[in-house]
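Quick one: the structure is below, and I'll ask about it shortly.
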Amino acid sequence: MNAEAAAGRFRQDLLFRLNTIEIHIPPLRDRREDVDLLAQHFLHGYSQRYRKSISGFDTAAIKALHEHAWPGNVRELDHAVERGVLLSPGPSVRAADLGLRAQAAGGTAKLEEMSLDEVERYLIQRTLARHEGNVSQAAKVLGLSRSAMYRRLQKTWFGMRPLSYDRRLQLLALAAGFPGSFIAMILLWHGNYSSGTVWTLAFLIFSLWLGFAFSLRHRVVFSLQTLSNLLAALREEDFSLRARGARSDDAMGEVMIEVNALSEVLRQQRLGALEANALLRTVMEEIDLAVFTFDNNCKLRLVNRAGERLLGRPEGRLLGFTAEELGLAACLEGEAAHTMELAFPGGSGRWGLRRGTFRQGGLPHHLVVLSDLSRTLRDEERKAWQRLIRVLGHELNNSLAPIQSVAQGLESGLLNAAKSSELQSEASASILDDLRQGLGIIRSRTEALGRFMAAYAQLARLPQPKLLPINVTEWICRTVKLETRVKVSVDKGPDVVISRRRINSSSC
């Protein structure tokens, strides 16, 4: 209390009135015979509170209790024993459970084991004790100014926390109205007024003074609380809140305008991120490539729809499995881009692999993309076959057309010769008949070969078939019409739709 009065934070006249009998209680480090009694008392109380059967302290703990300097006196001993009861795993409290710092033999803490705040608190304590609480003399000895000494006393010695913002604002508002209220009270008490008038005006002055002071504090604190709520909403990703009364002609209004603008910017960014994520997810699902992502432990974290079809399982039964369990261990090895032969439940053949890395949540991940090269090769083979058929058809048509023309010419000449009279002998007639039959066979076969090549070329020019939904009942009805020898009846069943190439035919 003397130090507080010397620091100006306690009225000296009030101290003199209260300080009738002064009882000096020495610190705990000066009466170490009380450490055992106090420690046993605290141990008994905390053992019952926390329902733990602890009988006492072991030898090392008792030694630590006696060697500790106890700068916090009995309160520090109380907390140390409570900590020991909570952390003790057995029937007795150990030295490690107390959590006390190692002390030097003289009972003072080692400087190298103390923090800067502890050293500063210790020096200020010792200096004030030597000078009987005189702050000015202690500050002079420590080489500090009086104001610097007060700041350190507030920080380290007395453990007082700085006043909050609203408390300081309240004190400033009261201080602003104090001079006028004080002068008005002096004039009022020394004026020639009745006691009723004096007390009424005094009450009115104090009411207005305190009312305006607390109203000022409420208005400012309310605005700051509103701003705090807006910032908390932004932190929780709620960008729908807006501050009302945001004007550019006052300071708080400008702050509200900036907070509203920040909220709008964050809302636009979040909307853009959501749209980008939705687009990316749609592309991932619709792309005709199997995409897999693995974490640093080679566990599957993401798979698209093509990957599900390839592995033959839905996403819920794939995530969390390792690449080796899914048969994709080879995809995480070797070069980043190469081809390989792989077999999966959803398809097998030659696959093109592309592998990359990215980071998510600060951890590395692997991106694996598989493309089916077999289907591409089949498409290329079909195109090459179509081109080959067109070339062969063109060449065969060029060769068969003159053969067919010559055969027709010779056949017609032989028919004319067979009708003439010079060649009516039996042997000549037989030869001419054989030649005519041979030329007829050549002509018919060339015509058949030409029709075959024309039909084959037409088949090669057909587009790639597309699967369309078709009703099974209608399909069976059209197929039944192909059987004309017997009557076939079709029993109506459930409507089933499958994907197949549609064939143009009359409906059932």
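Pairs under 6 Å by beta carbon, first residue under 16 Å from Gly90 (Cα atoms) in the stretch 58-72, partner assigned to a loop (DSSP other than H, G, I, E, B), six or more apart or different chains?
Close Cβ pairs (under 6 Å, with a partner that is assigned to a loop (DSSP other than H, G, I, E, B)) amount to Asp58/Arg94; Ala61/Arg94.
Return the only residue of Thr200, Thr226 being under 27 Å from Ala175 (Cα atoms), among the hydroxyl-bearing types (Ser, Thr, Tyr) and surrounded by 15 or more Cβ atoms within 10 Å (Cβ to Cβ).
Values: Thr200 fails: surrounded by 15 or more Cβ atoms within 10 Å (Cβ to Cβ).
Residue meeting the stated conditions: Thr226.
Within the set of pairs 6+ apart or on separate chains, which have a first residue in the stretch 346-371 that is over 16 Å from Asn304 (Cβ atoms) and modelled with pLDDT under 85, a second that is of a type in the set (A, V, I, L, M, F, W, C) and in a strand (DSSP E or B), and C-beta atoms under 9 Å apart?
The qualifying pairs are Ser348/Leu342; Gly349/Leu342; Gly349/Ala343; Arg350/Met340; Arg350/Leu342.
Return a yes/no flag: does the stretch 314-329 have any residue that is within 13 Å of Val369 (Cα to Cα) and not polar (S, T, N, Q). Talk me through it step by step, then tell me what you get.
So the first thing to find is which residues in the stretch 314-329 are within 13 Å of Val369 (Cα to Cα), and the list is 328.
Then keep just the ones that are not polar (S, T, N, Q); that gives 328.
There is at least one residue in the stretch 314-329 that is within 13 Å of Val369 (Cα to Cα) and not polar (S, T, N, Q).
Could you tell me whether any residue of the stretch 340-352 is of a type in the set (Asp, Glu) and either open to solvent by 60 Å² or more (accessible area, probe 1.4 Å) or within 23 Å of the chain's Cα centre (by Cα) (or both)?
For the stretch 340-352, residues of a type in the set (Asp, Glu) and either open to solvent by 60 Å² or more (accessible area, probe 1.4 Å) or within 23 Å of the chain's Cα centre (by Cα) (or both): present.
Could you run through the stretch 456-480 and say how many residues are open to solvent by 50 Å² or more (accessible area, probe 1.4 Å) and either at pLDDT 75 or above or under 17 Å from Gln408 (Cβ atoms) (or both)?
Number satisfying all stated conditions: 6.
Among the residues in the stretch 255-273, are any under 29 Å from Arg350 (Cβ atoms) and surrounded by 15 or more Cβ atoms within 10 Å (Cβ to Cβ)?
No: zero hits.
Pull up the stretch 126-140, narrow it to residues that are surrounded by fewer than 15 Cβ atoms within 10 Å (Cβ to Cβ) and in contact (Cβ under 8 Å) with a residue 12 or more places away in the chain, then point me to the one that is farthest from Ile25 (Cα to Cα).
Taking the stretch 126-140 and keeping what is surrounded by fewer than 15 Cβ atoms within 10 Å (Cβ to Cβ), we get 126, 129-130, 132, 136.
Now narrow it down to the ones that are in contact (Cβ under 8 Å) with a residue 12 or more places away in the chain: 132, 136.
Values: Glu132: 15, Ser136: 25 Å.
Top of the filtered list is Ser136.
Is it fair to say His66 is farther than 24 Å from Glu118 by Cβ and in a helix (DSSP H, G or I)?
When the stated conditions are applied, His66 does not pass them.
Does the stretch 235-253 hold any residues that are in contact with a helix residue (DSSP H, G or I) (Cβ under 6 Å, 6 or more places away or on another chain) and either under 15 Å from Tyr165 (Cβ atoms) or in a helix (DSSP H, G or I) (or both), and which are they?
Correct list: Met252 only.
If you take the residues in the stretch 20-57 that are assigned to a helix (DSSP H, G or I) and closer than 20 Å to Arg126 by Cα, which one is modelled with the highest pLDDT? Steps first, answer last, please.
Step one: filter the stretch 20-57 for residues assigned to a helix (DSSP H, G or I), giving 28-30, 33-49.
The next check asks that each one be closer than 20 Å to Arg126 by Cα; those that pass are 28-30.
Working: Leu28: 79, Arg29: 76, Asp30: 75.
If we take residues in the stretch 20-57 being assigned to a helix (DSSP H, G or I) and closer than 20 Å to Arg126 by Cα, then Leu28 is modelled with the highest pLDDT.
From (1) assigned to a helix (DSSP H, G or I); (2) of a type outside the set (D, E, K, R); (3) exposed (fewer than 14 other Cβ atoms within 10 Å of the Cβ), pick out the condition that doesn't hold for Ala213.
For Ala213, the failing item is (3).
Working only within the stretch 276-294, note down all residues that are assigned to a helix (DSSP H, G or I) and either touching a helix residue (DSSP H, G or I) at 6+ places or on another chain (Cβ under 6 Å) or under 23 Å from Thr322 (Cα atoms) (or both).
Within the stretch 276-294, Arg281, Met284, Glu285 qualify.
The values are calculated or read from the model by the stated rules, or taken from the named source; none is laboratory data. Nothing here was measured: the structure is a model prediction, and the numbers come from that model. Here the Cβ is made from the backbone with ideal geometry for all residues, glycine too, and neighbour counts use every protein chain on show. Ligands, DNA and RNA are stripped out before the accessible areas are found, and what is left, the full protein with its side chains, is counted by its heavy atoms. Shrake-Rupley method; radii C 1.70, N 1.55, O 1.52, S 1.80 Å.
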